[in-house]
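Report on the structure given below.
The values are calculated or read from the model by the stated rules, or taken from the named source; none is laboratory data. What you see is a predicted model, and the numbers here were worked out from it, not measured in a lab. FYI the Cβ positions are ideal-geometry reconstructions off the backbone, even for glycines, and counts take in every protein chain you see. With ligands, DNA and RNA removed, areas are computed over all heavy atoms of the protein, side chains included. Shrake-Rupley method; radii C 1.70, N 1.55, O 1.52, S 1.80 Å.
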Amino acid sequence: CSDSNGELHEFGSSWRTTDCNDCSCDRSGISCCSSFVTPVDYDEEKCVSIFNNETCTYKVVEKDNHSKECPVRGWVG
């Protein structure tokens, strides 16, 4: 399989892209899906979600104090 960067992948292989998608290659082609979940139900006036590209995760913290995490009641992914 040839990915969007032109890199070749063997049948049966899997990998994570730089934009946090998990991909796999088989005889029918490449399939990819998001490797992370996104916070959707939290206090958006008080809090902000921050994405970490290295860990492919979101953290929801207070806008005025990023050391304090906010409760999240729902995630989608």
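When you restrict to C-alpha pairs under 8 Å that are six or more residues apart and normalise by the size of the chain, the relative contact order lands at 23 percent.
In a reduced charge model with +1 at each Lys and Arg Cβ and -1 at each Asp and Glu Cβ, the chain shows a dipole moment near 120 debye about its Cα centre. Projecting the Cα atoms of 30, 42, 52 onto the charge dipole of the chain, computed from C-beta unit charges around the Cα centre, puts 42 farthest toward the positive end. Computed with a 1.4 Å probe over protein heavy atoms only, the accessible area of residue 11 comes to about 110 Å². The length gained by stretching the chain between residue 68 and residue 38 to full extension, at 0.36 nm per residue less their Cα-Cα distance, is 9.0 nm.
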